[in-house]
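This report refers to the structure that appears directly beneath it.
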Amino acid sequence: MNVNYTQLKTFLSNTRLKVKLKQVGKSLLVPSTSGYNDFYLNFLQDTFNFQIKKAHSFFACAILAIAFLNRNTPDCFFDLPGKFIGQRGVAEGKPKPRFFSKKADLYPYMLVTIRSGIVFLRVDGPKNFKILDGSNIGASTYLGLLKLLTSYKYPEEALRDANIGDNSTVDLSVGDIYGGDYLAIGLASHVIASTFCKVRGKRKNELERIKDCDISKSLLSAVTGNMLQIGYLLATLENLSTMVLMGPYFDAPTFMQMGTATMAGMSKGKISLIFLKHSSYLGSLGVYLNNYLQKDRANSL
């Protein structure tokens, strides 16, 4: 959802709520993760006159929150069990989410955070992790290219339409090259050989007929494939069998189903891809745990 902060600020300045919060804000200290949300924090700080304490990294907070939810809830994670086909295949049918917590079997695992870019972390405990690598091709790549190439105003629309998009109108597949499956190296006919390759030879009037939903599906496939390829290689090097995906922008059935099918084919079932039920606010929960829970409780996660 896009918010006009100028209008929101004007509205808040004309309310009695602001007067009360200004008074409270003088003695209010708000803890926060650092960096990514500075714009929103500055807006709130200016509006309500409270202090901000940036004491923890986003990664540390999110990982602590995952540990807490895994231990104390029965449904911290979910996956999409089902039958998948091809090295980078698709799911047969529409798998239903299966919710669970891994409890004592959680560690070690790889955490993949999908934000502006993508960061890959090895996690060995609630406060024991290291960054393995990163990619500049992330959620903002997808959203930025959508702005350039389509008429979408909001990310939610593009992700929704990716469910009905047909990327074969713009992407070159194995079947386009070989006329079917290339079984000698385990490639199914629908595997993408080259993203946007078919656009290269189209005339201007043909380009105008390409649907926005097809472009959205193609871009989503490209970003997903790049992310999972890097993740698969890193997980193999680190001998990790679980990959946890976290990111508010890609919380969409198409992305999850595509990712699950791709990883199932890539790893031949050796690496499981799972998602977080509470992905959108793990940073906030981690800040709370770091600041308000007793130390012995936090350390026992």
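If you place +1 on the Cβ of every Lys and Arg and -1 on the Cβ of every Asp and Glu, how big does the dipole about the Cα centre of the stretch 155-241 come out, in debye to the nearest 20? Kindly include the intermediate steps, with their values, before the conclusion.
Numbers: 9 positive and 12 negative charges, 74 e Å.
Computed about the Cα centre, the dipole is about 360 debye.
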- Note on the structure: Of 215-222, 280-287, ordering from highest average Cβ density within 10 Å down gives 215-222, 280-287
- Item | Rel. contact order, % - alpha carbon contacts under 8 angstrom, at least six apart, the stretch 145-191 | 23 percent
- Task: Rounding to the nearest 20 debye, state how big the charge dipole of the stretch 90-174 is about its Cα centre with +1 on each Lys and Arg Cβ and -1 on each Asp and Glu Cβ.
- Result: 480 debye
- Using the charge dipole of the stretch 75-227 (Lys, Arg: +1 at Cβ; Asp, Glu: -1 at Cβ; taken about the Cα centre), state which of Pro81, Leu219, Ser116 has its Cα farthest towards the positive end. Ser116
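Please give the charge dipole size of the stretch 96-242, origin at the Cα centre, charges +1 on K and R Cβ atoms and -1 on D and E Cβ atoms. Round to the nearest 20 debye. Walk me through the numbers before you get to the answer.
Details: 19 positive and 15 negative charges, 68 e Å.
Rounded to the nearest 20 debye, it is 320 debye.
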- Tell me, what is the percent relative contact order of the stretch 97-191, built from C-alpha pairs under 8 Å that lie six or more residues apart? 14 percent
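Can you tell me what the convex hull of the Cα atoms of the stretch 130-195 projects to on average, as an area in nm²? Walk me through the numbers on the way to the answer.
Details: hull surface 27.8 nm².
One quarter of the hull surface, i.e. the mean projection, equals 7.0 nm².
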- Item | Cα lying deepest toward the dipole's positive end in the stretch 99-224, options Cys197, Gly144, Gly186, charges on Cβ | Gly144
- Extension gain, Ala193 back to Ile131 (0.36 nm per residue minus Cα-Cα distance, nm): 19.3 nm
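Mind giving me the FRET efficiency for Asp181 and Ala104? R0 is 41 Å, r the Cβ-Cβ distance, nearest 0.05 is fine.
Once the sixth-power term is evaluated, E becomes 0.45.
Read the figures in this text as sums done on the coordinates, not as results from a lab. The shown structure was predicted, so the numbers you read here are calculated from the model rather than taken from an experiment. Cβ sites come from the backbone with ideal geometry, for glycine too, and all protein chains shown count toward neighbours.
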